[in-house]
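Below is one structure, written out as structure tokens; comments come after it.
The values are calculated or read from the model by the stated rules, or taken from the named source; none is laboratory data. Here the structure is a predicted model, which means the values were calculated and not measured. When we count neighbours, we look across all protein chains shown, and the Cβ atoms used for this are built from the backbone with ideal geometry, even at glycine.
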Amino acid sequence: MTARQTDWVFHNGDFVHARDLWLGSGPQGLQYGTGAFEGIRSYASITKGASLFRAPDHFARMTNSARFLRMNMTQSVEELVNVSAELLRRNGHLGDAYVRPIVYKLALEPGTPFGVRLRGVSSALTIMSLPMGSYIPKGGIRCAVSSWRKIPGSSLPSAAKLTGAYVSNAIATDEVTSAGYDDAIFLNQAGNVAEASTANIFLVRDGGVCTPGLDSDILEGITRNSVMALLERDLGVTVVERTVPRYELYTADEVFLTGTGCEIAPVIEIDGRPVGDGAGGPVTKAVAQAYDRAVRGADKGHQDWLTGIAV
Ligand code: PMP
């Protein structure tokens, strides 16, 4: 995503206009994919004002992803949350909006020899924001299993949200959208279900709910975690994290995706086969409703997920 030229962005400790940002002739992060990023949503709340959803969790994950690339975030998680709230305020993005922080390798420091490396390279942090409502059709989406497999954890850890890894997600999405589908489902190297291009996946079978475990080469989604908590509390359903064979995609009663961007997305078709009756299902609907209440501040039990943006 790109900020509008007239909007503010937070760059290396200062608020500047996007049009004044100059990234130089070739940041290392652009050349080698050595960056870490997040996507955070903020929502207009049911009462008044707007709130960031689980922003500290996103910045904690980003701090770890950055650390893995030997980048130390100069701001604490709390400072980064405050900066994001201030950014939304300055930009007037007080309805539903999206915050994109990215930290990336910039340039070789003096004395660092030429090459692909993590040490001896400076870094930069940029945070931008954009108005953004729900973009998934309420009726659900059609997915296909990509022929591209998930990058295995032995090559790149999926727990870190690293820019370079998304080349794989882009080619998988390109493959299936070229064939007329909405999103790609990745299998891992073992041929079991991993996740969608930018979302985790849940399956409902006989009232039980499962999702691929952390050993299936997935990103440990914050929406995934929220959904597990809501399902447990509201429906008394404990989500089972386990290996999910591909076969189950075609025999599940319901399938839905979870992610900050797509929120709760019902999957109504996979590889040309209807999921369940092809019209979404009761568990997916209950989860989507509970999630919407939580993000908009209507859930008294989960106010701790929200950071209010004072105006
Ligand atoms: N998997 C991948 C590959 C993603 O890019 C995302 C989006 N961040 C997710 C899962 C869902 O993560 P979250 O719920 O934290 O947005």
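Determine which member of the set GLU38, GLU86 is within 16 Å of the ligand (Cβ to nearest atom) and surrounded by 14 or more Cβ atoms within 10 Å (Cβ to Cβ). If you could, list the steps in order and put the result at the bottom.
Details: GLU86 fails: within 16 Å of the ligand (Cβ to nearest atom).
After ruling out the rest, the residue left standing is GLU38.
What pairs come out if I take residues in the range 230-253 that are in the same structural domain as GLY278 (by TED's automatic domain parsing) and pair them with residues that are buried (at least 18 other Cβ atoms within 10 Å of the Cβ) and of a type in the set (S, T, N, Q) whose C-beta lies under 7 Å away, six or more apart or interchain?
These pairs meet every condition: VAL239/THR211; GLU241/THR211; THR243/ASN192; THR243/SER216; VAL244/ASN192; PRO245/ASN192; ARG246/ASN192.
Residues of the range 70-93 being outside any helix (DSSP H, G or I) and within 14 Å of ILE40 (Cα to Cα), which ones?
Step one: list which residues in the range 70-93 are outside any helix (DSSP H, G or I), which gives 70-76, 92-93.
Matches in the range 70-93: HIS93 only.
Here's a check for you: in the range 204-226, which residue that is part of a helix (DSSP H, G or I) and among the aliphatic types (A, V, I, L, M) is surrounded by the most Cβ atoms within 10 Å (Cβ to Cβ)?
Here is the first cut: in the range 204-226, the ones part of a helix (DSSP H, G or I) are 214-216, 222-226.
Then drop every residue that is not among the aliphatic types (A, V, I, L, M), which leaves 214, 222.
Details: LEU214: 12, ILE222: 23.
Step by step, filter the range 204-226, then rank; the result is ILE222.
Just for the range 96-149: of the residues that are aromatic (Phe, Trp, Tyr) and farther than 30 Å from GLY281 by Cβ, which one is surrounded by the fewest Cβ atoms within 10 Å (Cβ to Cβ)?
Within the range 96-149, the subset aromatic (Phe, Trp, Tyr) is 98, 104, 114, 135, 148.
This time we only want the ones that are farther than 30 Å from GLY281 by Cβ, so: 104, 114.
Details: TYR104: 25, PHE114: 6.
Taking the candidates together, the pick is PHE114.
Can you spot a residue in the range 120-132 that is within 16 Å of the ligand (Cβ to nearest atom) and outside any strand (DSSP E or B)?
For the range 120-132, residues within 16 Å of the ligand (Cβ to nearest atom) and outside any strand (DSSP E or B): present.
Within the range 204-226, take every residue that is within 11 Å of the chain's Cα centre (by Cα) and without any contact (Cβ under 8 Å) to a residue 60 or more places away in the chain and give me the one that is farthest from the ligand (Cβ to nearest atom). Step through it out loud before you land on a result.
So the first thing to find is which residues in the range 204-226 are within 11 Å of the chain's Cα centre (by Cα), and the list is 219-224.
Now drop any that are not without any contact (Cβ under 8 Å) to a residue 60 or more places away in the chain, which leaves 221, 224.
On the way: GLY221: 3, ARG224: 6 Å.
The qualifying residue farthest from the ligand (Cβ to nearest atom) is ARG224.
Please give the number of the condition SER178 fails out of (1) away from the ligand (no atom under 14 Å from the Cβ); (2) under 17 Å from VAL255 (Cα atoms).
In the conditions (1) away from the ligand (no atom under 14 Å from the Cβ); (2) under 17 Å from VAL255 (Cα atoms), SER178 misses (2) alone.
Quickly run through the range 277-298 and pick out the residues that are buried (at least 19 other Cβ atoms within 10 Å of the Cβ) and more than 14 Å from SER134 (Cα to Cα).
If we filter the range 277-298 for residues that are buried (at least 19 other Cβ atoms within 10 Å of the Cβ), which is where we start, we get 280-281, 283-284, 287-288, 290-291, 294-295, 297.
Those that are buried (at least 19 other Cβ atoms within 10 Å of the Cβ) and more than 14 Å from SER134 (Cα to Cα): GLY280, GLY281, VAL283, THR284, VAL287, ALA290, ALA294, GLY297.
Being outside any helix (DSSP H, G or I) and either in contact with a Ser or Thr (Cβ under 9 Å, 6 or more places away or on another chain) or within 11 Å of the ligand (Cβ to nearest atom) (or both) is the filter here, so list the residues in the range 41-59 that pass it.
Here is the first cut: in the range 41-59, the ones outside any helix (DSSP H, G or I) are 41-54.
Within the range 41-59, ARG41, SER42, TYR43, ALA44, SER45, ALA50, SER51, LEU52, PHE53, ARG54 qualify.
Please give the number of the condition MET62 fails out of (1) surrounded by fewer than 19 Cβ atoms within 10 Å (Cβ to Cβ); (2) closer than 25 Å to PRO131 by Cβ; (3) out of contact with any Gly (no Cβ under 7 Å at 6 or more places or on another chain).
Only one criterion is unmet by MET62, namely (1).
Mind listing whichever residues of the range 72-92 are over 20 Å from the mean Cα position of the chain (by Cα) and more than 17 Å from ILE309 (Cβ to Cβ)?
Scanning the range 72-92 gives ASN72, THR74, GLN75, SER76.
Only one of these conditions is not met by ILE201: (1) under 22 Å from ARG54 (Cα atoms); (2) buried (at least 21 other Cβ atoms within 10 Å of the Cβ); (3) away from the ligand (no atom under 15 Å from the Cβ). Which number is it?
Failed condition: (3).
Do the conditions hold for ILE171, that is, is it in contact (Cβ under 8 Å) with a residue 60 or more places away in the chain and either within 15 Å of the ligand (Cβ to nearest atom) or not β-branched (Val, Ile, Thr) (or both)?
Working: in contact (Cβ under 8 Å) with a residue 60 or more places away in the chain: no; either within 15 Å of the ligand (Cβ to nearest atom) or not β-branched (Val, Ile, Thr) (or both): yes.
For ILE171, the condition - in contact (Cβ under 8 Å) with a residue 60 or more places away in the chain and either within 15 Å of the ligand (Cβ to nearest atom) or not β-branched (Val, Ile, Thr) (or both) - is not met.
Please determine, by comparing only the residues of the range 227-286 that are at pLDDT 95 or above, away from the ligand (no atom under 16 Å from the Cβ) and in a loop (DSSP other than H, G, I, E, B), which one is nearest to ASP215 (Cα to Cα).
This residue is THR243.
Which one is surrounded by the most Cβ atoms within 10 Å (Cβ to Cβ) among residues in the range 161-174 that are of a type in the set (A, V, I, L, M) and more than 18 Å from ILE201 (Cα to Cα)?
Just the residues of the range 161-174 that are of a type in the set (A, V, I, L, M), to begin with: 162, 165, 167, 170-172.
Now restrict to residues that are more than 18 Å from ILE201 (Cα to Cα): 162, 165, 167, 171.
Numbers: LEU162: 22, ALA165: 18, VAL167: 11, ILE171: 14.
This residue is LEU162.
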